[in-house]
Each structure stands twice: as C-alpha cells, then as structure tokens.
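Working notes for the structure below.
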Amino acid sequence: MDSFHKPVLTNEIVKFLAPKKNNIYVDATLGTGGHTLALLRKEPNLTIVGIDQDKEAIELAKQNLQQFKNRVIFIQENFNALVSILALNKIKKIDGILFDLGISSNQIDSNRGFSYLRNSKLDMRMNQNTKLNAFQIINNYKERELIDIFKKYGEERFATPIAKRIVKIRMKSPIETTSQLANIIDQAIRKRNLVKTKSRIFQAIRIVVNNELFSLREALKDCLKVLNVNGRIVAISYHSLEDRIIKKFFQYESLKCICPPNLPKCGCNKIQTLKIITRKPVVPTDEEIKNNSRARSAKLRVAERCYNERKINEYSNHYL
Ligand SMILES: C[S@@+](CC[C@H](N)C(=O)[O-])C[C@H]1O[C@@H](n2cnc3c(N)ncnc32)[C@H](O)[C@@H]1O
C-alpha cells in the first residue's frame with residue numbers, strides 16, 4: 001500500500017465530541033482507527049464501539065489501536081445495523097457518534113478496484129462478503145440503468161456516451177479491470193485526462209455497489225434512537241450527495257413545527273429531536289489540505305440530541 005490513511009479534521013472532531021470520562025461513543029466508520037485513537041488519547045477512559053464493514057480495515061484498526069484494545073469494541077458490520085449492534089453489546093445509549101464517510105486511503109490504494117489510477121479487477125465492495133460488485137454492474141446492467149447511475153450518483157454530464165461505449169465494448173468481451181473502464185471513458189468523450197469524469201463515474205459505481213446512501217439515511221435515523229440527550233452526531237462527507245442527506249436530515253429534525261405558515265394553531269405534532277451545532281459546514285484549513293489532499297472536499301456537520309421525553313421513551317420501548 002502506498003499510504004496509511006491520514007484522518008481528516010481530527011482536532012475539530014475531538015472538539016465537537018468533547019469526550020468525557022466513562023462516555024460511550026460509536027465510531028461508525030472506524031477505518032484504520034485514526035479518529036478513535038485521537039479520542040482515546042484525549043480521554044483514555046472511554047468506550048468506543050468501532051464499526052467498519054471492511055474486514056481489512058478492522059484488522060488494521062486492531063493493530064493501530066493495540067494500546068487501547070480494552071477500550072474498543074471492534075465490529076465488522078454495516079453501520080445501518082447500529083441499533084442491533086448496540087443491543088447485542090448490551091449498550092442502551094451512547095454519548096456521540098462519528099461518521100467519516102466514503103473510503104480510506106488504504107482502500108483507494110488497494111487492489112480492490114476503487115480507483116482508476118490503480119489497475120485491478122472491477123470490484124469496489126467495502127464488505128468482501130456482499131454479492132454485488134462493480135464487474136456485475138458494468139457488464140450486466142442495461143444501458144438505461146448505467147446512464148441513470150452515472151447521472152444520479154456521479155452527477156456526470158457525459159453519462160450517456162460513456163454508458164453507450166460500455167455497452168458496445170462489452171458485446172465483444174467482458175470489461176474486467178479498472179484500466180479498461182478508464183480507457184472506455186477516455187474513448188467515449190475523446191478527450192484525455194478526464195480526471196473529474198473518471199472520479200465521478202467510479203464514485204457512482206461505488207455508491208451503488210455498497211448501497212451507500214441508503215445506509216447513511218438508515219443510520220442517521222437510528223442515531224435518534226440511541227443518542228443520549230446532548231449526545232452529538234458528527235458527520236464528515238466528501239461529496240454533495242452525502243452532504244445533502246446529512247444537511248436535510250439535521251434541518252428537518254431541528255424543526256419544532258412543519259405546519260403551513262398560515263395555520264392559526266399548530267397541528268403537526270412535530271417533535272424537535274436535534275439542535276444544529278454547525279450552521280455552516282466546517283471545512284479543513286489550507287494547511288491541512290496541503291498536508292492531506294484527501295481532505296480537500298471534506299465537510300463536517302454536527303447536531304446534538306435534544307431533550308424530548310416522549311420520543312426517547314417511545315424509542316427505548318420499541319427498539320432496545
Ligand atoms: C474515510 S474512511 C474512515 C477513516 C477513519 N476515520 C480513520 O481515521 O482511519 C471510511 C471507512 O468507513 C467504512 N464504511 C463506509 N461505509 C460504511 C458502512 N455503511 N458501514 C460500515 N463501514 C462503512 C469504509 O470501509 C472505510 O473504512
């Protein structure tokens with residue numbers, strides 16, 4: 001591997017989660033454990049449930065967090081199973097949760113097909129046990145489906161010519177590797193070095209392979225069931241689709257009422273469950289971006305669980 005993953009916005013994460021003795025946190029995207037390590041260095045008497053769906057990430061995190069191994073519960077799972085993961089570990093409530101979305105530098109530099117810069121088999125599965133991989137999407141999905149994926153999850157304006165080219169080439173023989181796919185993108189738009197287009201197409205396929213946006217939506221909703229009052233959700237996203245989901249979720253959950261403005265009396269029964277802590281997303285400094293180019297697209301948003309007896313009781317009865 002070329003580089004060990006450098007965690008992004010670490011000081012800001014420690015500041016917003018403000019760990020205190022005996023707190024319980026979830027690191028929903030443990031990766032190689034960089035953020036968890038920073039939290040434990042700040043306050044060693046924490047318990048951190050470290051979740052990652054990638055077996056290799058969990059192994060690396062175990063090595064990296066060796067000195068704190070008694071304080072971390074390592075779980076190889078999708079974070080969309082948050083509620084059941086905590087229930088199985090007999091944890092009723094947590095004091096904060098961190099999402100550092102996307103993939104790590106270790107995954108990008110691996111031979112698992114995440115990057116067009118490294119020639120390897122088309123795969124892109126974060127969880128090596130899931131069925132759907134990038135090869136199947138590229139070789140089996142209909143042209144219309146590919147166009148939709150590239151538009152919806154890559155926001156790519158050359159979606160149609162790229163999908164058409166893929167379908168034409170795969171009629172002769174299957175498209176097996178990341179380099180083949182990158183060449184097809186070059187041929188489809190007849191320009192060289194289409195760095196952004198290639199990144200967007202690879203991102204779109206990865207989102208579908210790992211069902212990333214669905215998992216994020218599910219996990220955010222689940223946070224409301226398990227967060228203690230004043231517990232925080234801290235989320236770093238790396239592209240606009242993820243950021244929009246987080247922003248909209250925080251906005252909706254922070255509303256006290258969703259009645260039309262002309263209604264004389266509130267009848268919506270809406271309950272505010274979150275208070276937004278970061279009105280605008282926090283972004284890395286120029287200095288951090290200079291030292292870690294992966295940080296350049298990062299956006300961090302934070303919200304805090306509000307006191308709300310009815311909702312908390314309701315959830316704890318139903319789900320724990
Ligand atoms: C950007 S990296 C996190 C890096 C980590 N914060 C660190 O300091 O090393 C994102 C990690 O989240 C994992 N991941 C992404 N989506 C996931 C999901 N739905 N469930 C579990 N893990 C996920 C990836 O496998 C990857 O290891």
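Is there a residue in segment 248-262 that is within 16 Å of the ligand (Cβ to nearest atom) and modelled with pLDDT of 95 or more? Can you show your working first?
Kept after step one, since they are within 16 Å of the ligand (Cβ to nearest atom), are these residues of segment 248-262: 249.
Those left that are additionally modelled with pLDDT of 95 or more: 249.
Yes, the conditions are met somewhere in segment 248-262.
Just one of ALA57, ALA61, ALA28 is of a type in the set (Gly, Ala, Ser), within 8 Å of the ligand (Cβ to nearest atom), in contact (Cβ under 8 Å) with a residue 40 or more places away in the chain and more than 21 Å from GLU218 (Cα to Cα); which is it?
Of ALA57, ALA61, ALA28, the one residue that is of a type in the set (Gly, Ala, Ser), within 8 Å of the ligand (Cβ to nearest atom), in contact (Cβ under 8 Å) with a residue 40 or more places away in the chain and more than 21 Å from GLU218 (Cα to Cα) is ALA57.
Could you grab me the full set of residues in segment 174-196 that are under 24 Å from the mean Cα position of the chain (by Cα) and surrounded by fewer than 23 Cβ atoms within 10 Å (Cβ to Cβ)? Walk me through how you get there before you give the answer.
Pass one, segment 174-196, residues under 24 Å from the mean Cα position of the chain (by Cα): 178, 195-196.
Matches in segment 174-196: VAL195, LYS196.
Among ILE189, ILE201, ILE184, ILE246, which is touching a residue at least 12 places away in the same chain (Cβ under 8 Å) and touching a strand residue (DSSP E or B) at 6+ places or on another chain (Cβ under 8 Å)?
Checking each option against the conditions leaves just ILE246.
Residue under question is LEU117, and the condition is that it be surrounded by fewer than 18 Cβ atoms within 10 Å (Cβ to Cβ), modelled with pLDDT under 95 and either more than 11 Å from the ligand (Cβ to nearest atom) or closer than 20 Å to ASN230 by Cβ (or both); does it hold?
Criteria met by LEU117.
The values are calculated or read from the model by the stated rules, or taken from the named source; none is laboratory data. This one's a predicted model, so the numbers in the text were calculated from it and none came from an experiment. Don't worry about glycine lacking a Cβ; one is built from the backbone with ideal geometry, like all the others, and counts go over all protein chains shown.
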